[in-house]
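Since every read-out is calculated from the coordinates, none of them should be taken as a lab result. In this text the structure is predicted, and so the values were computed from the model without any measurement. Note: ideal-geometry Cβ built from the backbone for every residue, glycine included; neighbour counts use all protein chains shown.
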Amino acid sequence: MKSICVIDGQGGGIGGATIKMLKEQFNENIRIIALGTNAIATSQMLKAKANRGATGENAIAQTVKKADVIIGPIGIVLAHSMMGEVTPGIAEAIALSPAKKILIPLTQDNITIVGISGIPLPRLIETLIQENMNDFL
């Protein structure tokens, strides 16, 4: 069974919405691990029916080494993003993970991603699933 790490911070809304749609699409055919930069984010993702969850830099760094897929907002690979919740260690661990990384182009930081339109989050998550996840299952 494929292992998918969904990583989020702050309130966990992006991660929670992603997990909910993944579960609706694939039921129990995938194992989703919620990794939060803080306990609130982890809790929200667990409420969305992640199979397991953990919080913090070390949990993220150790878990992404074994993941098949990593999903999260683009800020998870940018040190000091998400109001400082993404440590350099978190960003590096995710970048170095051999897992396929599928990043949602949303950021609250002072970063502009050229070529990205203002598609609402639910549609971005639908696209993420439809265009990327079937290859892994």
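Taking the Cα centre as origin and putting +1 on Lys and Arg beta-carbons and -1 on Asp and Glu beta-carbons, what dipole magnitude results for the chain, to the nearest 20 debye?
Dipole size: approximately 360 debye.
Assuming a strict under-14 Å limit between Cα atoms, what lysine pair count do you get for the chain once near-sequence pairs (fewer than 8 apart, same chain) are dropped?
Lysine pair count for the chain: 13.
Using the per-residue mean of other Cβ atoms lying within 10 Å as a proxy for protection, in what order, highest first, do the peptides 71-77, 118-124 fall?
71-77, 118-124
From the phi of every residue in the stretch 112-122, what ³J(HN,Hα) in whole Hz does the Karplus formula 6.51 cos²θ - 1.76 cosθ + 1.60 yield, where θ is phi - 60° and glycine or proline is x?
Ordered by residue, 3J(HN,Hα) equals 10, 9, 5, x, 9, 8, x, 6, x, 3, x Hz.
Within the stretch 64-91, list the residues whose amide N lies under 13 Å from a label point set 7 Å along Cα→Cβ of residue 135.
69-70
Work out the FRET efficiency for residue 96 and residue 40 from their Cβ-Cβ distance, taking R0 = 22 Å, and round it to the nearest 0.05.
0.25
Rounded if a/c is under 1.5, else prolate if a/b beats b/c, else oblate: with a ≥ b ≥ c from the C-alpha gyration tensor eigenvalues square-rooted, which is the stretch 52-130?
Verdict is oblate for the stretch 52-130.
Cut-off 10 angstrom, C-alpha nodes, Gaussian network model of the chain. Which of 103, 22, 35 fluctuates the most?
In the Gaussian network model the winner is 103.
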